[in-house]
DNA sequence: TTCGTTAGTTCAGTATATATGAACTATTGA
DNA sequence: TCAATAGTTCATATATACTGAACTAACGAA
């Protein structure tokens, strides 16, 4: 199994971030990590998809990899689990309020969806 | 030839916007439109790709379609040409400063690339 | 050490999306 | 009616993403 690699702040690109966050599932995962005070393992997100249908483990694994390789999260093995944390400080340093604004926009649109029902 | 269609503000989604802007070529097209005071036809963007290699007309046509269907631009036939304008006001109304922040981040990263040479 | 369990990754096949040259369409002007 | 211009659509090659099945790594118990 290949070791977990992370991009340095230099290697993180705007397009990579936008692509990673252009999937609602990945955006929700990042949102939950950014809100939570503590690290979360991957399994915590198995039921994150709207509609309650659980994600395949392999799908989730790939989504986490995309988030990681985009530079949004940091993943570290701790025993059998992999703990994920958002790279908020580095991202804010590099991109200013961009990512926060994206998450705000998502929040707003989710709110509307719920309200419309 | 099918008529040109645009999403209503309601139909514009965060994920669609992020996806459309996650391609540097599309992001540059949008940036130029947002800066320019006037509408631009498609052909104006044939040489937009970094490296000077011109885009195929069919490729550009598709990129414009993705921007249009995401809700970022409005395209209107004027004679033989199609005039494109950014939907800045509607987008700002719906997404606040998100898109501006994205464009700022791109600007900054392009600046760095040029500076590094 | 070996076995079982848990958590996650990789593989392989399939499905979906993107890029582009060639052919086509719409509009204008001669 | 014909030619020119500006884009679009089509067909096909290539690349990416999704998912079940098989695999691996870490740990605890016997």
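Any idea which residue in segment A:8-24 is farthest from the chain's Cα centre (by Cα), counting only those that are surrounded by 15 or more Cβ atoms within 10 Å (Cβ to Cβ) and within 25 Å of residue A:78 (Cβ to Cβ)? Spell out how you get there, then give the answer.
Initially, segment A:8-24 is screened for residues surrounded by 15 or more Cβ atoms within 10 Å (Cβ to Cβ), giving A:12-24.
Imposing the further condition that a residue be within 25 Å of residue A:78 (Cβ to Cβ) reduces the set to A:12, A:20.
Values: A:12: 14, A:20: 8 Å.
If we take residues in segment A:8-24 being surrounded by 15 or more Cβ atoms within 10 Å (Cβ to Cβ) and within 25 Å of residue A:78 (Cβ to Cβ), then A:12 is farthest from the chain's Cα centre (by Cα).
Within the group B:74, B:65, B:26, which residue is over 21 Å from residue A:102 (Cα atoms) and within 13 Å of DNA strand C (Cβ to nearest atom)?
On the way: B:74 fails: within 13 Å of DNA strand C (Cβ to nearest atom); B:26 fails: over 21 Å from residue A:102 (Cα atoms).
Unique residue meeting the criteria: B:65.
Among the residues of segment A:63-98, which ones are buried (at least 18 other Cβ atoms within 10 Å of the Cβ), more than 14 Å from every other protein chain (Cβ to nearest Cβ) and closer than 13 Å to residue A:12 by Cα?
Result: A:68, A:73, A:87.
Select from segment B:43-62 the residues that are near DNA strand C (Cβ under 10 Å from one of its atoms) and within 14 Å of another protein chain (Cβ to nearest Cβ) and list them in ascending order.
Result: B:49, single match.
Given the structure, is residue B:108 touching a helix residue (DSSP H, G or I) at 6+ places or on another chain (Cβ under 7 Å), away from DNA strand C (no atom under 11 Å from the Cβ) and part of a helix (DSSP H, G or I)?
Judged against the criteria, residue B:108 is not a match.
Pull up segment A:52-86, narrow it to residues that are touching a residue at least 60 places away in the same chain (Cβ under 8 Å) and more than 14 Å from DNA strand D (Cβ to nearest atom), then point me to the one that is nearest to residue A:32 (Cα to Cα).
The residue in question is A:74.
Looking at segment B:44-55, which of its residues are modelled with pLDDT of 90 or more and loosely packed, with under 13 Cβ neighbours inside 10 Å?
If the condition is that a residue be modelled with pLDDT of 90 or more and loosely packed, with under 13 Cβ neighbours inside 10 Å, then no residue fits.
The values are calculated or read from the model by the stated rules, or taken from the named source; none is laboratory data. What you are looking at is a predicted structure, and each value in this text was computed from that prediction instead of being measured. For neighbour counting, all protein chains shown are included, and Cβ atoms are generated from backbone atoms with ideal geometry for every residue, glycine included.
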